[in-house]
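Visitor: First the structure, which I've put down as structure tokens, then a few questions once you've had a look.
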């Protein structure tokens with residue numbers, strides 16, 4: 001009875017009644033495996049049109065790819081904006097509380113666990129319903145892969161980097177559909193990663209036994225190449241170079257994917273940017289997520305003129321250090337990073353997202369896609385770590401050849417003085433930054449690459465009024481456990497908090 005009642009709470013809260021049938025007057029159960037497969041859509045997947053479920057809102061804003069607007073926005077009405085967002089831009093330990101005061105707080109912790117709960121509910125039920133064996137495996141594989149995907153993201157927000165301190169506290173492991181989360185302590189980072197590995201391995205095993213038509217769907221559902229890319233990504237963060245190589249090669253070689261040549265796209269008024277999140281993109285492995293979630297802070301605006309509130313500019317732009325890293329023949333800066341509008345040329349903190357003719361978000365489409373290029377970059381990094389620099393160079397040059405102006409000669413090639421040793425590793429890291437800008441990974445990369453110090457300038461009314469520096473191994477590289485989570489769960493221990501920068 002407890003199992004049925006706990007899942008009833010989940011499904012009646014976030015699912016449609018058409019997927020349930022009464023078992024008795026007090027219990028509802030899914031009809032069959034097909035019903036659970038449909039339930040995954042609302043309970044475990046991220047709806048691209050969802051405006052209220054933040055999962056990735058904090059993935060980018062803390063990194064060195066974000067800077068204050070290049071515009072001189074002078075208007076007294078901007079003062080409120082400065083007070084609201086200065087804390088998060090400076091990695092303030094009370095940034096969440098301060099965002100909450102201005103109704104800008106994003107409940108990423110809560111939303112992530114709601115999706116994990118949806119995965120758990122399906123996993124708890126699947127063995128008790130009727131249905132074909134292949135459909136049950138398909139449902140299990142999806143739920144396990146999604147749970148691993150969410151745990152990887154949240155543990156890299158609120159736990160210390162795995163390669164720095166895997167014994168540090170991570171996040172609570174919730175592995176069943178009992179709705180009570182209030183009394184779970186935090187598991188270690190290592191324990192969370194081991195669960196992620198287990199879930200991905202089991203998901204891969206289920207998918208490997210399915211017919212090809214179910215292994216590699218192109219409809220927004222989990223597929224086998226997505227699972228293999230995640231296995232490579234997790235191995236990368238654990239510095240398990242052999243498995244990075246194994247699974248990156250699987251993605252590159254086994255699924256008919258190919259790198260998209262940016263020269264083949266010509267911007268038009270109707271389609272100013274290529275649709276990277278469409279499955280027509282030969283690189284697209286899995287499309288997911290809501291633009292609203294991933295643009296929460298990108299959309300914040302300032303008033304531009306002292307005498308008017310009719311003209312606005314984005315409060316945050318792509319940082320100058322990111323923009324200056326692209327060569328003059330590199331198409332990615334203008335093909336990837338979306339400008340403010342068709343009349344405003346400032347580079348925003350959005351990239352590779354579907355937009356309309358005026359560069360506004362197309363919220364009916366997925367916001368992001370796992371892409372083949374990530375497999376190239378991971379394989380290049382792992383090959384370097386396995387003392388195979390020639391493979392790294394080959395992979396990077398193949399990738400870059402598809403990103404540079406076609407008639408620009410061999411400028412896409414890696415300079416001779418960067419083809420080995422520390423210079424090549426630096427080049428690999430910089431290339432990953434350029435290729436994967438604003439895909440939710442830069443902050444995580446800065447953490448796993450040693451949490452090196454960097455600075456960001458804070459501007460008010462167009463003037464730099466402060467420079468905030470995050471120090472090497474600064475506690476600010478790990479986000480505080482949200483205040484509202486601690487209020488509900490007294491067993492949650494807080495992370496070591498950073499010293500405020502102002």
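The values are calculated or read from the model by the stated rules, or taken from the named source; none is laboratory data. Source: prediction; values computed, not measured. Using ideal geometry, Cβ is built from the backbone for each residue, glycine included, and neighbour counts are taken over all protein chains shown.
Visitor: Looking at (1) in a loop (DSSP other than H, G, I, E, B); (2) touching a helix residue (DSSP H, G or I) at 6+ places or on another chain (Cβ under 7 Å); (3) under 27 Å from residue 484 (Cβ atoms), which one does residue 147 not meet, given that it meets all the others?
Guide: (1)
Visitor: Name the single residue, out of those in region 89-134 being assigned to a helix (DSSP H, G or I) and in contact with a strand residue (DSSP E or B) (Cβ under 8 Å, 6 or more places away or on another chain), that is surrounded by the most Cβ atoms within 10 Å (Cβ to Cβ). Even if it seems obvious, please write down each step before you answer.
Guide: Residues of region 89-134 that are assigned to a helix (DSSP H, G or I), as a first pass: 89, 95-101, 108-128, 133-134.
Then keep just the ones that are in contact with a strand residue (DSSP E or B) (Cβ under 8 Å, 6 or more places away or on another chain); that gives 89, 125, 128.
Details: 89: 24, 125: 22, 128: 11.
Per the stated criteria, the residue is 89.
Visitor: Here's something else I'd like to know. Does residue 47 meet the test of being under 30 Å from residue 320 (Cα atoms), out of contact with any strand residue (DSSP E or B) (no Cβ under 6 Å at 6 or more places or on another chain) and touching a residue at least 60 places away in the same chain (Cβ under 8 Å)? Walk me through it before giving the result.
Guide: Values: under 30 Å from residue 320 (Cα atoms): no; out of contact with any strand residue (DSSP E or B) (no Cβ under 6 Å at 6 or more places or on another chain): yes; touching a residue at least 60 places away in the same chain (Cβ under 8 Å): yes.
So residue 47 does not fit the description; no.
Visitor: If you don't mind, another one. In the list 402, 407, which residue meets the criterion of being farther than 30 Å from residue 150 by Cα and in contact with a helix residue (DSSP H, G or I) (Cβ under 7 Å, 6 or more places away or on another chain)? Spell out how you get there, then give the answer.
Guide: Numbers: 407 fails: in contact with a helix residue (DSSP H, G or I) (Cβ under 7 Å, 6 or more places away or on another chain).
Exactly one residue qualifies, and that residue is 402.
Visitor: Then there is this: Just to check your reading of the model, which residue among 52, 61 is at pLDDT 95 or above and either closer than 29 Å to residue 311 by Cα or not in a loop (DSSP other than H, G, I, E, B) (or both)? If you could, list the steps in order and put the result at the bottom.
Guide: Values: 52 fails: at pLDDT 95 or above.
Exactly one of 52, 61 is at pLDDT 95 or above and either closer than 29 Å to residue 311 by Cα or not in a loop (DSSP other than H, G, I, E, B) (or both), namely 61.
Visitor: Anything in region 189-218 that is touching a residue at least 24 places away in the same chain (Cβ under 8 Å), over 17 Å from residue 247 (Cβ atoms) and surrounded by fewer than 20 Cβ atoms within 10 Å (Cβ to Cβ)? List them, or say none.
Guide: The answer is 190, 195, 209, 210, 211, 214, 218.
Visitor: Can you name every residue in region 478-498 that is in a loop (DSSP other than H, G, I, E, B) and in contact with a helix residue (DSSP H, G or I) (Cβ under 8 Å, 6 or more places away or on another chain)? Lay out the reasoning, then the answer.
Guide: Our first condition is that a residue be in a loop (DSSP other than H, G, I, E, B); within region 478-498, this holds for 478-482, 489-498.
Those that are in a loop (DSSP other than H, G, I, E, B) and in contact with a helix residue (DSSP H, G or I) (Cβ under 8 Å, 6 or more places away or on another chain): 478, 479, 480, 481, 482, 492, 494, 495, 496, 497, 498.
Visitor: Restricting attention to region 135-167, and to residues there that are without any contact (Cβ under 8 Å) to a residue 40 or more places away in the chain and surrounded by fewer than 18 Cβ atoms within 10 Å (Cβ to Cβ), which single residue is farthest from residue 32 (Cα to Cα)?
Guide: Applying the filter and picking the extreme gives 165.
Visitor: Would you say residue 250 is surrounded by fewer than 18 Cβ atoms within 10 Å (Cβ to Cβ) and closer than 20 Å to residue 395 by Cα?
Guide: Values: surrounded by fewer than 18 Cβ atoms within 10 Å (Cβ to Cβ): no; closer than 20 Å to residue 395 by Cα: yes.
Criteria not met by residue 250.
Visitor: A follow-up question, please. Within region 256-365, considering only strands (runs of 3 or more DSSP E) that don't extend past its boundaries, which have at least 2 residues that are touching a residue at least 40 places away in the same chain (Cβ under 8 Å) and either within 22 Å of residue 464 (Cα to Cα) or over 25 Å from the mean Cα position of the chain (by Cα) (or both)? First the steps, then the outcome.
Guide: On the way: elements: 284-288, 301-305, 308-314, 316-318, 337-339, 347-351.
Per the criteria, 301-305, 308-314, 316-318, 347-351.
Visitor: So, in region 423-442, exactly how many residues are assigned to a helix (DSSP H, G or I), in contact (Cβ under 8 Å) with a residue 12 or more places away in the chain and either touching a strand residue (DSSP E or B) at 6+ places or on another chain (Cβ under 7 Å) or over 17 Å from residue 367 (Cβ atoms) (or both)? Lay out the reasoning, then the answer.
Guide: Filtering region 423-442 for residues assigned to a helix (DSSP H, G or I) gives 423-435, 442.
With the extra rule that they be in contact (Cβ under 8 Å) with a residue 12 or more places away in the chain, the set shrinks to 424-425, 427-435, 442.
Remaining after also requiring either touching a strand residue (DSSP E or B) at 6+ places or on another chain (Cβ under 7 Å) or over 17 Å from residue 367 (Cβ atoms) (or both): 424-425, 427-435.
Total satisfying the criteria: 11.
Visitor: Which members of region 272-298 meet the condition of being surrounded by fewer than 21 Cβ atoms within 10 Å (Cβ to Cβ) and at pLDDT below 95?
Guide: Matches in region 272-298: 292, 296.
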